[in-house]
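Working notes for the structure below.
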Amino acid sequence: MIVRIGVRPDVSPHPRTRIATGLAAAVLLTAAAGRGSAGAARPVSASPPDGVATACDSLTTCYTPHRLRVAYGIQPLLDRGIDGRGKTIVVPALAAEQLAPPKVSDIRQDMKTFDDLFGLPAVRLKVDATLAGKVSPWPATAEEVQDVQILHAVAPAATIRVVLVKPTALSSPASAMAALTGALRRGLAQGDVISISAGWGEHCLTRAQVTRQHAVLRAARDRHVTVVAGSGDTGAVSRPCPGSTPQDAWDPVKEVSAPASDPLVLAAGGTTLTADHETGAYLGETTWSVPSHSQGTGGGFSHLFSRPAYQKDVSAPARAVPDVAADAAPSTGMAMVISESDQKYTIRGASGTSASTPLWAGLIALADQAAGHDLGFVNPALYRIGRSARTAFHDVTTGDNTVTVSDKTITGYPAAPGYDPVTGWGSPNAHVLVPLLAR
């Protein structure tokens, strides 16, 4: 069953519903009546409407979509018409259980409010509930809303296709991997880029499960579909395996997460961004890490995959993760909107590598459009650009992903000039990077 929204058509969730944790405290706002015509599409380069800065400042440091685009050099591309038109980005997502707001919202209303508030054109959103069983396609978790809103902010003319899986998919590692692999297979036939915010520690998975998923990722490479996945949100260790509950003891394992660790995936890590809150101008960036809260960008070396050829110049014993990075800190995230009614909505700062992942997926869609064809497996090209054109990235050289879990400190990896297994090559300077990728 495929349901469509036409051209118009964060509380920390349980680990079963997202990898990222620690969304910024919500601020309840009352939507101003008559903020804009529901059917009026605005220029994607327009400045945010009056009053939005105040709403964002209520979280002290979050950025409007416009300012995030300025900081990462995306706005000049949108001004030239490189806006993702003609491209489809697939987002696997957990079907929302029928819970009361604010745990679940209606994504149609979320996107309408988001577009009206920030002056964006109407979203092109499709929801595929075929794999999810008998569920309504419209209820959405904060994770799904975050993915779609960041994708829409970066590539406002792209089609976003959400592929829902069953609400029970995360009851065990086996069911989680089966659901994600099934969503990947379905996404191959439907999209140009696939954005995966979920992930689990490599020790949670069997070789057979990883092998089956790797076969699907090979098919993605062969069909020129780019797959982007988050490196995880618990620093140098992995989160509890699917099926764990908050009451279960967390025995931290120093490792990276799959599917980000697969060499055929573009792995996105996390940073803390500093930009001018008036203009959006980029000021600086450091590694996203909050050790005392067991939070930070995932990064390190795979136990399952050897070092791929494109990492031949990287000092690493195996596949190093991540490849790239972008803003993931709740305190500096993009403002996302979750509606609670027609008149009220909550603004929260997007967070985790499940925020940096859709940002990079949106950028790949822009590069696909600029190239006139799908680029597919972009890792080798990104590494060549990283070695030869450093202005294409913001090099992140400070911080590490050390974390503390149950009073035990696990030493992570430090950021450094050039590539490092914490922030990869760094965050995008898109107006330089995208044309290089397209060529």
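The values are calculated or read from the model by the stated rules, or taken from the named source; none is laboratory data. The model shown is predicted, which means the values in this text are computed figures rather than measured ones. Note that each Cβ is placed from the backbone with ideal geometry, even for glycine, and that neighbours are counted across all protein chains shown.
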| Taking ILE410 and the conditions (1) surrounded by fewer than 24 Cβ atoms within 10 Å (Cβ to Cβ); (2) out of contact with any Gly (no Cβ under 9 Å at 6 or more places or on another chain); (3) hydrophobic (A, V, I, L, M, F, W, C), which numbered condition does it fall short on, given that it satisfies the others? | (2)
| said: Looking only at helices (runs of 4 or more DSSP H) that lie completely in region 37-115, which have at least 1 residues being touching a Phe, Trp or Tyr at 6+ places or on another chain (Cβ under 7 Å) and at pLDDT 95 or above? | reply: 65-71
| Within the group SER339, SER331, SER356, which residue is in contact with a strand residue (DSSP E or B) (Cβ under 8 Å, 6 or more places away or on another chain), closer than 15 Å to LEU68 by Cα, surrounded by fewer than 24 Cβ atoms within 10 Å (Cβ to Cβ) and of a type in the set (S, T, N, Q)? | SER331
| message | If a residue must be of a type in the set (Val, Ile, Thr) and modelled with pLDDT of 95 or more, how many such residues does region 275-300 contain? | response | 3
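Look at ASP147 and say whether it is touching a helix residue (DSSP H, G or I) at 6+ places or on another chain (Cβ under 7 Å), over 22 Å from THR297 (Cα atoms), crowded, with 24+ Cβ neighbours inside 10 Å and not hydrophobic (A, V, I, L, M, F, W, C).
So ASP147 does not fit the description; no.
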| Just to be sure, is VAL253 in contact with a His (Cβ under 7 Å, 6 or more places away or on another chain), within 23 Å of GLY300 (Cβ to Cβ) and not basic (Lys, Arg)? | yes
| note | Exception for LEU433 within (1) surrounded by fewer than 24 Cβ atoms within 10 Å (Cβ to Cβ); (2) among the hydrophobic types (A, V, I, L, M, F, W, C); (3) at pLDDT 95 or above falls at (1)
| query | Among the residues of region 116-126, which ones are over 19 Å from the mean Cα position of the chain (by Cα) and either among the acidic types (Asp, Glu) or part of a strand (DSSP E or B) (or both)? | reply | ASP116
| What number goes with the only condition from (1) surrounded by 19 or more Cβ atoms within 10 Å (Cβ to Cβ); (2) of a type in the set (A, V, I, L, M); (3) assigned to a helix (DSSP H, G or I) that ALA178 does not pass? | (1)
| Could we say that GLY298 is touching a Ser or Thr at 6+ places or on another chain (Cβ under 8 Å) and either of a type in the set (Val, Ile, Thr) or part of a strand (DSSP E or B) (or both) here? | no
| request: Have a look at ALA155, ALA179 and point out the one that is within 29 Å of ASP420 (Cα to Cα) and small (Gly, Ala, Ser). | output: ALA155
| Restricted to region 127-144, and to residues that are of a type in the set (Val, Ile, Thr) and assigned to a loop (DSSP other than H, G, I, E, B), which residue is farthest from the chain's Cα centre (by Cα)? | VAL135
| From the list THR272, THR206, THR211, THR245, which one is more than 21 Å from ALA174 (Cα to Cα) and of a type in the set (Val, Ile, Thr)? | THR272
| request: Among what's in region 208-233 and is within 11 Å of SER261 (Cα to Cα) and of a type outside the set (A, V, I, L, M), pick the residue that is surrounded by the fewest Cβ atoms within 10 Å (Cβ to Cβ). | output: HIS214
| Among the listed residues ALA325, ALA367, ALA355, which satisfies the condition of being of a type in the set (A, V, I, L, M), in a helix (DSSP H, G or I) and over 27 Å from TRP138 (Cβ atoms)? | ALA367
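On the given criteria, is ALA153 under 29 Å from VAL265 (Cα atoms), of a type outside the set (Ser, Thr, Tyr) and over 16 Å from the mean Cα position of the chain (by Cα)? Even if it seems obvious, please write down each step before you answer.
Working: under 29 Å from VAL265 (Cα atoms): yes; of a type outside the set (Ser, Thr, Tyr): yes; over 16 Å from the mean Cα position of the chain (by Cα): no.
For ALA153, the condition - under 29 Å from VAL265 (Cα atoms), of a type outside the set (Ser, Thr, Tyr) and over 16 Å from the mean Cα position of the chain (by Cα) - is not met.
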| Within region 386-399, which residues are hydrophobic (A, V, I, L, M, F, W, C), farther than 21 Å from LEU78 by Cβ and either more than 22 Å from the chain's Cα centre (by Cα) or not in a loop (DSSP other than H, G, I, E, B) (or both)? | ALA389
| task | Just need a number here: residues in region 243-271 that are modelled with pLDDT under 95 and within 30 Å of HIS224 (Cβ to Cβ). | result | 0
| query | Do we find that VAL163 is touching a strand residue (DSSP E or B) at 6+ places or on another chain (Cβ under 6 Å) and β-branched (Val, Ile, Thr) in this structure? | reply | yes
| query | On the given criteria, is ARG186 part of a helix (DSSP H, G or I), of a type in the set (Lys, Arg) and in contact with a helix residue (DSSP H, G or I) (Cβ under 7 Å, 6 or more places away or on another chain)? | reply | yes
